[in-house]
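Student: Handing you this structure, nothing more for now.
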């Protein structure tokens, strides 16, 4: 699933595709694949006149701004498991293109989503149940965690809490593995509150690691590749834990695979003994 770094790169790509000399690239229409139905895929009406696009990310969310001469409509998007954007000649879009923005120059910017978990909703801004972005709102991100540290959610293991988007917006499977691996003193199965209080560096790494991943072109995930087609080698070298055969892994409480340093395997076994995690 695309995480914080990949969403920022997606926003960059949309903005790059929408730039040009003068006012920028003109768009002429919007179309939705009829396979996408329901309230989670509310598409704005196609403007009658030319319009332009811009985008911004926040954690795991993306907003595409549809700018007409007299108004701007935000389109909040979630990438799901495999969502990404690509630019093709009109008529040559992927069969998995579920939202299309037609351009005056005969090309189409499409939201392609093979697994169809992506969502979008016109007129919506940032979700209220997601916290600040660790990279672009670092101070607010830290404050949001520390002011709520007494809440029950922080009773849970740190490897699980790092996936809670209300506090760690944008952190997903590969980022949590890399963050915890770079703090070898932190038992990933220890209580989150204790981990944060004892190791303040943890919150800093939640900002540093996603920023680094972004600068290196993002994770080349199973169903996602950097739309700018950057060299994968630097990012592959940066990933030390996630999907590394030398590491240990287990399924967390929510059934997601969690990769961790084998030195903490005994802690994992204790979690199983106490019925706090599935074997």
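All of the numbers you see were taken from the coordinates with simple rules; none came from a lab. Not measured: the values here are computed from a predicted model. Note that each Cβ is placed from the backbone with ideal geometry, even for glycine, and that neighbours are counted across all protein chains shown.
Student: Any idea what angle helix 4-17 forms with the longest principal axis of the chain, computed on alpha-carbon atoms, 0 to 90 degrees, nearest 10?
Tutor: Helix 4-17 sits at roughly 10 degrees to that axis.
Student: Can you give me the convex hull volume of the Cα atoms of segment 183-239, divided per residue and expressed in Å³?
Tutor: Hull volume normalised by residue count: 103 Å³.
Student: Also, I was wondering about something else. Taking the Cα-to-Cβ direction at residue 73 and at residue 248 and moving 7 Å from each Cα, how far apart do the two end points lie in nm?
Tutor: The answer from the label model is 5.2 nm.
Student: Next up: At 7 Å along Cα-to-Cβ for each site, give me the label-to-label distance between residue 125 and residue 81 in nm.
Tutor: 3.3 nm
Student: To continue, here is another question. Mind pulling up the Rg/Rh value for the chain? Radius of gyration and Kirkwood radius, both on Cα.
Tutor: On the way: Rg = 20.2 Å, Rh = 20.0 Å.
Expressed as Rg/Rh, it is 1.01.
Student: Just need the Rg to Rh number for segment 4-122, please, alpha carbons only, Kirkwood Rh.
Tutor: Values: Rg = 13.1 Å, Rh = 14.2 Å.
Across segment 4-122, the Cα-based Rg/Rh ratio is 0.92.
Student: In nanometres, what is the gap between the two model label sites at residue 90 and residue 153, each 7 Å from Cα along Cα-to-Cβ?
Tutor: Between residue 90 and residue 153, the simple spin-label model gives 4.4 nm.
Student: Moving on. With no solvent and one point per C-alpha, what does the Debye sum give as log10 I(q)/I(0) for segment 143-279 at q = 0.17 Å⁻¹?
Tutor: Calculated log10 I(q)/I(0) at the listed q: -0.94.
Student: Okay, moving on. Quick one: if the Förster radius is 25 Å, what FRET efficiency do residue 43 and residue 236 give, using the C-beta to C-beta distance and rounding to 0.05?
Tutor: Numbers: r = 37 Å, r/R0 = 1.46.
So, using R0 = 25 Å, E works out to roughly 0.10.
Student: If you average the sequence gap of Cα pairs under 8 Å that are 6 or more apart and divide by the length of the chain, what percent do you get for the contact order? Mind dumping the intermediate values first?
Tutor: Details: 538 pairs, mean separation 50.3, N = 279.
That works out to 18 percent.
Student: Here's a follow-up. Enter the Cα centre distance for the pair segment 200-266 and segment 43-100, rounded to the nearest angstrom.
Tutor: The two parts, judged by their Cα centres, are 28 Å apart.
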